Amino acid sequence: QVPLKPGRSLMDWIRLTKSGKDLTGLKGRLVEVTEDELAKHNKKEDCWICIRGFVYNVTPYMEYHPGGEDELMKAAGTDGTDLFDQVHRWVNYESMLKECLVGRMAVKPIAAPKEMKAVAYIVFLQQIPEDETILCMKTFITKYIMVCSKKVYIFFFTVFLFYSYDWFQTDSLITIVVYTKQKAKLVIVDCQDKRLRGEIVIDDHSYLVEVDLYHAVQEDLAVNITEKVGKVEIILKKKENIHWKILGQPLENHNTFIKRTDRGLFYRKCKLVSKTEVTHDTKLFCLMLPKSTHLHVPTGQHVYLKQIIAGTEVVKPYTPVLPSLPLDFKEPSCHDGAHIYLMIKIYSCGPFTQALEHLQVGDYISVSNPEGNFKKSQVQTSEDLFLLAAGTGFTPMVKLLDFALTEVSCLRTVKLIFFNKTEDDILWRNQLEQLALKDKRFEVKFILSQPTKDWVGKEGKISSSLLSEFVKRSRKDSKVLICICGPTPFTEQGVQYLKDLGYSQEEIHAFTA
C-alpha cells in the first residue's frame, strides 16, 4: 500500500460514490465498448479498465486506490482481469466501482470448428462402457463438441473422466462420494438451507458438488478423506427417515472442475464468541463456524472477512492463527476445527477494523474460503527456516512455527526476526521467549524502530546489513527457506535485500494478499 492524501480514505471514496456526482463522464448512459475504444482511455486523466467483461472509468478512483496510481495504470486501456486476480481478486470491485461503470465489452463472434473435426471423437465416445457417470459425460461432451476446439474438448474429457461423484442412502444417512483419483489438497463443505456445496481443491483447481437437496438434513455433517485412493465422503443426516428419489436439483456450478481463481469466493456467517486483548491496539477474535460447515484453513493461507460499511461491501484478508503458541512440540497440535482465530490490529481511522471493534459477542460476520499459494512442502525440504515479520505480519508465522517445529525433523534452525515500532507493539512476546527456551532449534530476535532509551535489543528497520547479520545458512550448502510478511514496502524491500544477498527466488516466499 501507499500513503494516501488527506481526504482520500475508503470512507471518503464511499461518500463520493453516494454524492450523486457523475463519475463515468457519460451522464448515466451505459455503452458497449470495443477493444479499440478501450485502448484510447489509457492515461491517468482518462483511464478505463475492463474486469470480467465490464468496463470501468477508474479516473476518479486513482487518488483513492490503496495500492497507488501506478498499479492501476498497469491495466489502463486494457483487460485487467488477470492482473486483478493476481493482486487482489477478493476485492468486491462491483460494489466499490459501481458508480464508475461505463458498460460491457463488445463480444467478438467466435467461429465454430468444422463439423468433420468432431466426428472422430463422437465415435470414440461410443466405445466407452454405458454406466450412469459415463453417460452424463458423453451427454456433456456431445452437447459441446460441435462448438469447442479440439484442445478444449480434450480438457473437458479429462475433467469428467477423472472427477466424478456418486451418492447412496440408508434409512438415516445420505453419503456423497467424490472420486478425485489423487490427493485432495483441501475439502470445504457447507450446507445452508438445503443447499449443499462441497468443494475439493486439487492443486490450483477445484471440483464442485453444489445441489439444492431433495429433503432437509440436520445441521451437523461429517467428512471422510481417503488419500490413498483419492476419495472424499460427505455424510449428511436426514431430518426424516424417508427414501430420497434423487439427491436434489443441480445448481449452476455443480459438477464443474475449474481454476480456483475462476471459481469466486464463497462466504458463510460465523459467530463471534470472544474478543481478547493481545496488545494495546491488537485483539484476538475467536469466530465459530456453523455446525453445517467443514473447513480447515491450511498453514500459510488466509481468509477474507466481509462487512457492509455505509452501504458498501468491503472485504479484507486476514491469516488465521492459533489460540496461543503451543509450547510442547512433541506432538502435532490438535484443534477442534470449529473455530477460527484472527489476530487483528485496530486502526483508529480504519472503518473496517473499527467495525470489527464494535462487534459484540454473538454477532455474525462473513468469512470466506481459504486462499493462498504457500506449500508446506517448501518447509519439509528445508534445513534452515527464517521468518521475517513486521507487526501483524507475524500472523502467518504462527501456524508455520507450529508445523515446522512439530512435523519437520530435517530442520536445524528456525529463526524469527520480528520488527516492531515499540516494545508495547510486540505480539505474544512472552510466549515467543518461552518457546525459544523450550526448543533449542528456535531463536527469536526483536528489532524496534522507535525504542525507548531502556531498550537493550537491536534497533533499526529492515536493511541489507541487518539481514546479512541475522539470515545465515547453518552450513555452506544447507537448504534454506525465508518467509516474509508485513506492510507492502517492508515485504518488497526485504525481498530485494535478500536477492541482493544472493538468495534465489525459490528460497524466498512472500506472504501477500
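The values are calculated or read from the model by the stated rules, or taken from the named source; none is laboratory data. Predicted, not measured: the structure shown is a model, and the values here were computed from it. All Cβ positions, glycine included, derive from the backbone under ideal geometry; neighbour counts span all protein chains shown. Heavy atoms of the whole protein, side chains included, go into the accessibility calculation; ligands, DNA and RNA do not. Shrake-Rupley method; radii C 1.70, N 1.55, O 1.52, S 1.80 Å.
Looking only at the stretch 284-306, filter to residues that are of a type in the set (A, V, I, L, M) and assigned to a strand (DSSP E or B); which one of those is most open to solvent (accessible area, probe 1.4 Å)? Ranking the qualifying residues of the stretch 284-306, first place goes to Met288. Loosely packed, with under 14 Cβ neighbours inside 10 Å and under 19 Å from Val315 (Cα atoms): does that describe Glu94? Considered against the rule, which asks whether it is loosely packed, with under 14 Cβ neighbours inside 10 Å and under 19 Å from Val315 (Cα atoms), Glu94 comes out as yes. Kindly establish whether Asn430 is under 21 Å from Lys345 (Cβ atoms) and crowded, with 21+ Cβ neighbours inside 10 Å. Answer is no for this residue. Considering only the stretch 465-480, state which residues are surrounded by 14 or more Cβ atoms within 10 Å (Cβ to Cβ) and either part of a helix (DSSP H, G or I) or hydrophobic (A, V, I, L, M, F, W, C) (or both). Scanning the stretch 465-480 gives Leu466, Leu467, Ser468, Phe470, Val471, Val480. For Thr226, the conditions (1) open to solvent by less than 70 Å² (accessible area, probe 1.4 Å); (2) within 16 Å of Ile202 (Cα to Cα); (3) in contact (Cβ under 8 Å) with a residue 12 or more places away in the chain are fulfilled apart from (3). Restricting the first member to the stretch 85-96 and to residues that are modelled with pLDDT of 80 or more, and the second to residues that are of a type outside the set (Gly, Ala, Ser), the beta-carbon pairs closer than 7 Å and six or more apart or on different chains are Tyr93/Ile51; Ser95/Thr312; Ser95/Glu313; Met96/Thr312. Scanning the stretch 369-388 for residues that are surrounded by 24 or more Cβ atoms within 10 Å (Cβ to Cβ) and farther than 14 Å from Arg441 by Cα yields a single hit, Leu388. Of all the numbered requirements in (1) open to solvent by 40 Å² or more (accessible area, probe 1.4 Å); (2) of a type outside the set (S, T, N, Q); (3) free of Cβ contacts under 8 Å to residues at least 12 places away in the same chain, His65 misses one, and that requirement is (1). What do you reckon, is Gly457 of a type outside the set (A, V, I, L, M) and exposed (fewer than 13 other Cβ atoms within 10 Å of the Cβ)? Considered against the rule, which asks whether it is of a type outside the set (A, V, I, L, M) and exposed (fewer than 13 other Cβ atoms within 10 Å of the Cβ), Gly457 comes out as yes.
Assess whether Asn224 counts as being farther than 30 Å from Tyr93 by Cβ, outside any helix (DSSP H, G or I), at pLDDT below 95 and of a type outside the set (Asp, Glu). Answer is yes for this residue. Could you check, for the stretch 18-33, whether at least one of its residues is under 18 Å from Pro351 (Cα atoms), in contact (Cβ under 8 Å) with a residue 12 or more places away in the chain and either open to solvent by less than 30 Å² (accessible area, probe 1.4 Å) or touching a strand residue (DSSP E or B) at 6+ places or on another chain (Cβ under 8 Å) (or both)? No, the stretch 18-33 contains no residue that is under 18 Å from Pro351 (Cα atoms), in contact (Cβ under 8 Å) with a residue 12 or more places away in the chain and either open to solvent by less than 30 Å² (accessible area, probe 1.4 Å) or touching a strand residue (DSSP E or B) at 6+ places or on another chain (Cβ under 8 Å) (or both).
Scan the stretch 407-426 residue by residue and report those that are in contact with a Pro (Cβ under 8 Å, 6 or more places away or on another chain) and either open to solvent by less than 30 Å² (accessible area, probe 1.4 Å) or closer than 19 Å to Gly457 by Cα (or both). Residues satisfying the conditions are Thr422, Glu423.
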